[in-house]
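Below is one structure; the comments refer to it alone.
The values are calculated or read from the model by the stated rules, or taken from the named source; none is laboratory data. Quick caveat, the model's predicted, so the values are computed rather than measured. Backbone-built Cβ (ideal geometry, glycine too); neighbour counts: all protein chains shown.
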Amino acid sequence: MSNHQSGAPWNRQASAGLATAFPFGTSCRRRPKLDAGIGGSGVLPKIIEISQKDTASAVPALRELWPNYDAVEMTRLIDMELRPNGYRLAGIRPEPDGPAACVLGYRLQHSLWLGKSFYIVDMVTLPAFRGRGYASRILDWAKDEAERLGCRALHLDSGVGPDRGDAHRVYMANRYQIACHHFVRKLG
């Protein structure tokens, strides 16, 4: 008999395990590699808004999430379909003329559930730049930006599977909680 059928809360054991594994106030973050900064200067690269003229700089990272798109098609979809509907990009570019090492795609949303919120649509770090703390830095930036914009919450969806564990650890280490299930019914 499952916990749910016995009348016990369905998530009691899972919640206890999660609290033990990731108690708030402690860190489950892996110690990031020290970033030598831009050109080895020790100056960490800034988080910048990636404008429409620079969309192509975000595409190599975004293709890690969405490899079924070629670079030209992805750039076109972002600029012609997503941006007109409120999608924005921010990123960390270690080299001014290079690709963004870490990218965050987001938009503002309004709902009865959360009110005005900051929705992270896409977040990814190029494999060569993982482990440097970029994901946590860009999530901190997102929190600050959401507060500046008067949002009541930040939220994101993340795929499930064995290859998503590292991303989920980053979210949990940055105080994100699993708040709901997201269901999809594909059409056509």
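General observations
- Residue in region 56-67 that is surrounded by 15 or more Cβ atoms within 10 Å (Cβ to Cβ), out of contact with any Ser or Thr (no Cβ under 8 Å at 6 or more places or on another chain), of a type in the set (Ser, Thr, Tyr) and at pLDDT 95 or above present: yes
- Test: MET74 is surrounded by 11 or more Cβ atoms within 10 Å (Cβ to Cβ), modelled with pLDDT of 85 or more and over 17 Å from the mean Cα position of the chain (by Cα): yes
- Residue in region 75-90 that is outside any helix (DSSP H, G or I) and closer than 16 Å to LEU126 by Cα present: yes
- Consider region 131-161 and keep the residues that are among the basic types (Lys, Arg) and assigned to a loop (DSSP other than H, G, I, E, B). The one that is modelled with the lowest pLDDT is ARG132.
- Residues that are part of a loop (DSSP other than H, G, I, E, B) and either over 20 Å from GLY159 (Cβ atoms) or among the basic types (Lys, Arg) (or both) within region 100-130 comprise ALA100, ALA101, LEU112, TRP113, LEU114, ARG130, listed in sequence order.
- Considering residues of region 131-154 that are under 20 Å from HIS182 (Cβ atoms) and surrounded by fewer than 18 Cβ atoms within 10 Å (Cβ to Cβ) only, the residue farthest from the chain's Cα centre (by Cα): ARG152
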